[in-house]
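The values are calculated or read from the model by the stated rules, or taken from the named source; none is laboratory data. All values derive from a computational prediction rather than experimental measurement. Heads up, the Cβs are rebuilt from the backbone with ideal geometry, glycines too, and the neighbour counts pull from every protein chain shown. Surface areas here come from the heavy atoms of the whole protein model, side chains and all, with no ligands, DNA or RNA. Shrake-Rupley method; radii C 1.70, N 1.55, O 1.52, S 1.80 Å.
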Amino acid sequence: MELIVFVLASAMMLIGAFGVITRRNPVHAALSLVLTLFGVAVHFVALEAYFLAAVQIIVYAGAIVVLFLFVIMLLGVDKAEDLQTEPLVAQRWLAGIAGLGLLGLLVIAVSRGVETLTTRAEGLATSAEGASGDANIQQLARSVFGDYVVAFELTSILLVVAVVGTVMLARRRVPGEA
């Protein structure tokens, strides 16, 4: 099962990365970046780094990609599109099926994680055990800046490259500019 999750998440990341590179529309490229970041989050879940997976989705796939889209729209994309014509005829049905599939996965994940959500996490220090009040924060910091620091740094490099690419794709050329 772990191999299947790894292969599917890796395929998501590769398809998303390929989409970031090949899409001419910057908005589509940003959405491909979201797919790539979700694949990274799935890898974090497979490694049982649930906090990093949540941070990956909330901060990077949420806030940072919204920032990219804001920059794209601020710089202006002057490509007028006819909203009456649908380039992919079956895209609404496929989006509905994908949405239902994601909803099903969410229901399954929550139902399997109910026990974890309702019980106290093992291994975390509590004040009843005589530990200081910031022991959990120290454990979290040790984990984030120790075991997973390489993943954080690689993600930051990915984000810097994505920002530079977004600005370069959305930048308008002024006549007479080299």
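Residues in the range 64-70 carry Karplus couplings, in order, of 5, 5, 4, 4, 4, 5, 4 Hz; the curve used is 6.51 cos²θ - 1.76 cosθ + 1.60 with θ = phi - 60°, and Gly or Pro positions show x. Rounded to the nearest 0.05, what FRET efficiency do residue 89 and residue 169 give with R0 = 25 Å and r taken as the Cβ-Cβ distance? Could you check? Once rounded, the FRET efficiency stands at 0.35.
The distance between label points at residue 144 and residue 70 comes to 2.1 nm (points 7 Å beyond Cα on the Cα→Cβ vector). Computed from backbone phi with θ = phi - 60° and the Karplus coefficients 6.51, -1.76 and 1.60, the 3J(HN,Hα) list for the range 134-139 is 9, 5, 5, 5, 5, 5 Hz; x is used for glycine and proline.
Note on residue 20: accessible area is roughly 50 Å² with a 1.4 Å probe, heavy atoms of protein only.
Karplus-based coupling profile of the range 38-50, in residue order and whole Hz: 5, x, 5, 5, 5, 4, 4, 5, 4, 8, 6, 9, 5, with θ = phi - 60° in 6.51 cos²θ - 1.76 cosθ + 1.60 and x standing for Gly or Pro. Measuring only protein heavy atoms, the 1.4 Å probe finds residue 147 accessible over about 120 Å². Here the gap between residue 4 and residue 111, fully extended at 0.36 nm per residue and compared with their Cα-Cα distance, gives a gain of 36.4 nm. With every protein chain in place and a 1.4 angstrom probe, the accessible-area ranking of 152, 44, largest first, reads 152, 44.
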